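Student: Take a look at the following structure, please.
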Amino acid sequence: MRRSFAAATAVWLMATAGAAMAEPSTAVRHHPLAVAGLTAPARIVVDQWGVPHIQAASERDAFFLQGWNAARDRLWQIDLWRKRGLGLLSASFGPAYADQDRAARLFLYRGDMAAEWAAYGPKAQSRAEAFVAGVDAYVGEVRAGRLPLPVEFKLTASEPDLWAPADVVRIRSHALARNADSEVTRARVACAAGLGADRLRRKLEPAWTTRIPDGLDPCVIPADVLKDYELATRDVAFAAPGVALSENEPAALADMTDRATAEGSNNWVISPVRTATGRPILANDPHRALGVPSLRYLVQLKAPGLDVIGAGEPALPGVSVGHNEAIAFGLTIFAIDQEDLYVYDLNPANPRQYRYGGGWEDMKVVHEAIPVKGAPPRETDLLFTRHGPVVKVSDDGKHAFAVRTVWGEPGTSAYFGSIEYDDAKDWPSFRADMSQWGAPSENMIFASTAGDIGWIAAGRAPIRPNWDGLMPVPGDGRYEWQGSLSADQLPSVYNPPEGWFASANEMNLPAGYPVAERKVGFEWSDPSRITRIKQVLGADSHVTLADSMNLQMDATSPEACRLRALLAHLSSDDPDAALGLSLLKDWDCHEGVESAAAAIYEDWAVNHLGRNLVAEATPASAQAPVGAGNPDAVISYLESADAPAALRDRVLLTSLAEAVKSVRAKLGPDPATWRWGALHHADFVPAAAALANPSLAAQMSVGPLEVRGSASTPAAATWRTKDYAVTAGPSVRLDMDVGDWDKSVAVNTPGQSGDPFSPHYRDLFPLWAGGDFFPLAFSDAAVEAAARDVYDLTPATISAKATP
C-alpha cells in the first residue's frame, strides 16, 4: 500500500481526535517574548506536529535559539544528559549516585580544549557557545521563577544547572563505541574452554581466526572488570521513596553486548535513475534505545547562509540526520573497533605503578571532590595510565585494567562533528567535512539536488599493527595504537553503478579491502535487515517516496526464512513441536501484529533456540559467558556442515516445542487467537515516573501500542525477553525527496516535547507505531501553513515574565 501525504496527516488527525493531546483548531497562537542574549528579533514557528522552525537574523542567533528552544521543550532531558555525563548526579539527587558520578568522570575528555575545538572545524566553538548561551538564557529565567519549572525537577527536589560551552564536547560516555565488553567475554570463554568455545557467541566477519595475545593470561580478567565502564554509560534510574536504588549493580556482560548490538540503524540513498520522480531519495531510521522523551529532536535552523532541518540529539547544536537546501545526509553505525582493554602488572612495592617497557611507570592521579546533596563531598582519586582510565584493580592487587577508547582523543564527542556538514553544499564539501569525523563510527550517506549520491565510512579507526583488537592485551608497551586510519583508507562510494546504496550495520567492507592490514573491526550486526533491504531496492527501478516509507516499515525477516528452511524436512510426534512446524513451514516470514507464526518464531529464536544449542554444543565451563549465543552465529552453525545432523534436528525440535508451550501459557490454548502484537508492544515509562503518584505517573507514561517486526526486520523493534516490550528501534524516521523538500516526511516517537502536559508529548506515538508519517515542512510557505504556535522573540536585558 502506498501512502499519500494527505493520508498520513489524516491518520494522525484520527489518532488524536478527541484525545487530550489533540489540537482544538488550526488557529495560530502567538507568544511574544523578550529574550536576554538574543541580538535581533526572531521567530520560532512550532508546527502542528511539534517541530520548531527557528528563523533568525544571524547564524549566531539561530544556534542561540536552538539552545533556548531545546530548554523550552526538553529541559529536564538535556539537564539530566549534562549531569550524567559530567558526573554531577549526586549533587542534585544524593549519595546513591556518587559511584555513577565517579565512573562518568573517568571518561571525560581531559585533553587540550584548543585542540578539541579545532578538531571539528572552524565553526564548532562559536556554534557551541551560541547554543549554550541560549540554554543558559532559558535556564536563568526558570531559576529566577519567571518561566515554569518542569515537573521532574519538582519530583526530584532539584533545579536545572547553567552550562559551559565545553560541557557539550567534554562528555564522551553518551557515545556508542565498541568492543571492550566483547573482548572481556571472549577472554572469559578462552579461560574456561579455549577460543573455539566462542563460536556461538559472536560471528567474526570477514572470516577471521583470532588468538590469545602473547603475554595475556585470560584467566586474570575479573567478571566485573567493566563495572565502572557500564556505570558511566548507563541511563539514570530513580526509585520510589523507601525503595532501594540498585544503581550500582553491574550489568551482565551479555546484557552490555546485547544493548550495544540492538542500537543499529537503516539507511539508503537512491539515484535519480532509479526513482519515479528523477530526483534522489534518501532515507534514514537511526535505531537506539527507545523511551520518553525521544532520544532525538526534529528542528529547522534558518538564518542568512544557513537553512537545515532534521533530527539531532536535543543537548547538541546542529542536525545530524536531515537536509539543507542542497544536500541530504543520514547515518548508521559502521562497526569500527574503537576500544581496547589493557591489562597491567602492578609494582608490588607501589600499587600505583604499572610495568611498562623495562621498568615501572606512575599512574596519573586526579583527585576529585564529588558534590553530594545532603552529605559531604565524596573524595576520590581517579587513576589513569598512558592508555586510559583505570576501571579495576584485581582483588589480589597484582593487576590493573584500563579502557582505551578514541574518546580520549580530540574530536570524538558523539555526533558533534555534524556541526560542520550541516551547511555543506556538494560531495566535495561534504566529504571534506566528514574527513575528521571521530565518533560514533558511521556509514554516512549523501544525496544532492544535482543528482549525486554517495557513501562514506567515517570514524576514528585505531591502527593495531600486531593484534586484531578482539582480546584484551598487556599494557606493557607491546600493543600500542599507531595512530588512526586516514579518511582515504576507509571505504566510500560515489554515484555507484547500481544506482543505490544501503547500510544496516552489516559487514560492508568491499571485496578486496585489505582487512589483515587495516583490521577495522570484526564484529558487525547480523545481515538480516540489509538482506531484506537489498531484496526490495534491487527489484525496483522506479522507487517512490511511499516505497521508501513502506520499506522502513517492512516486517519481513530473512533470518526467519533461514530457520524456516532448516525445518523443511522435519516432522515430530510431539504435539507442541508438530504445531510449531505446521505454523512455521508455510509462513511467509512476515512479522505482522496479527501473525501467530511470528509469535512462535520470535519466542523460539530469541528465548529457546540459542540456549538449547549452547547447552548441546558448548563446553559446560563456557556456557555462562556464551549465554544464548548470537542469532546469526547460531543459525550459521546450524546451516554449516560442522553441525551434526542429529544434534541440529534435536535442538530445533526441542526448542520449538518449548516455544509453543511458552506462547500457549501467555496467549491461551487456541492457536487461532495467537497474535504477535498481543505480546510485542511499545510502552514507554520515563525514569522519573517512579517518583510520581499513580495519576501523574500515568500521565508521564506512553503506551502500550502493538508493534510489528523485530530486531531482524527493517521495521526494527528489539524486545525485552521478560515481557516482550520494545526496547530499541527507530528513534526517528525520515524519507527525503531531494530537491522537492516539502514532500519529505518524518516521524519521531512518542512526540517532540518532553513536557508530559504538552500536546506534543505523545501525539506522534500512534503514527510511529502504526507506520505513518507527517510532512516535514521546509519552505517558508509550508512552514506557515502548518504553524500552530509562533514565538515572536525580541532582545532584552531581562526577559519578560511569560509562560511558553
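Student: Per residue of the chain, what 222 nm ellipticity follows from adding -39500 (n - 2.57) for every DSSP H run with n ≥ 4, rounded to the nearest 500?
Tutor: That comes out to -9000 deg cm²/dmol.
Student: So how long is each side of the range 409-533 along the principal axes, counting just the alpha-carbon atoms, biggest first, in Å?
Tutor: 53, 34, 22
Student: I need to check one value: relative contact order of the chain, counting alpha carbon pairs closer than 8 Å and at least 6 residues apart, in percent.
Tutor: 22 percent
Student: Among the lysines, which fall within straight-line cross-link reach of K722, defined as a Cα-Cα distance under 26 Å, with same-chain neighbours fewer than 8 residues apart omitted?
Tutor: Here the lysines satisfying the reach criterion relative to K722 are K203, K227, K661, K666.
Student: Remind me, what semi-axes does the range 439-491 give for its equivalent ellipsoid, largest first in whole Å, using sqrt of 5 times each Cα gyration tensor eigenvalue?
Tutor: One finds semi-axes of 33, 10, 7 Å for the range 439-491.
Student: Excluding W163 itself, calculate the net charge of residues whose Cβ lies under 12 Å from the Cβ of W163, where each Lys or Arg counts +1 and each Asp or Glu counts -1.
Tutor: For residues surrounding W163, the net value is -2.
Student: Based on the mean of other Cβ atoms within 10 Å per residue, sort peptides 324-331, 670-677 so the most packed one is first.
Tutor: 324-331, 670-677
Student: Helix by helix, which DSSP H runs in the chain go 24 Å or more along their axis at the Cα atoms and have an average Kyte-Doolittle hydropathy of -0.5 or more?
Tutor: Membrane-span-like by this rule: 124-143, 645-667.
Student: With only Lys, Arg, Asp and Glu charged, each at its Cβ (+1 for the first two, -1 for the last two), find how big the charge dipole of the chain is about the Cα centre; round to the nearest 20 debye.
Tutor: Using Cβ point charges on Lys, Arg, Asp and Glu, the chain gives about 600 debye.
Student: Further question on the same structure: Please sort 735-745, 539-549 by packing, taking for each peptide the average over its residues of neighbouring beta carbons within 10 angstrom, highest first.
Tutor: 735-745, 539-549
Student: For the range 650-707 and the range 78-116, write down the distance between their C-alpha centroids in whole Å.
Tutor: If we compute the Cα centre of each part, the gap is 35 Å.
Student: In square nanometres, what is the average projected area of the Cα convex hull of the chain?
Tutor: One quarter of the hull surface, i.e. the mean projection, equals 33.3 nm².
Student: Now, a different point. Which peptide among 332-339, 509-516 comes first, and what is the full order, when sorted by highest mean count of other Cβ atoms within 10 Å?
Tutor: Those peptides, ordered most packed to least, come out 332-339, 509-516.
Student: Another question, if that's okay. List, largest first, the extents of the alpha carbons of the range 474-567 along their principal axes, each in whole Å.
Tutor: 54, 40, 22
None of the figures in this text is laboratory data; all of them are computed from the coordinates on show. Since the model is a prediction, treat every value here as computed from it, not as a measurement. In this analysis, Cβ positions are derived from the backbone assuming ideal geometry, glycine residues included, and neighbour counts consider all displayed protein chains.
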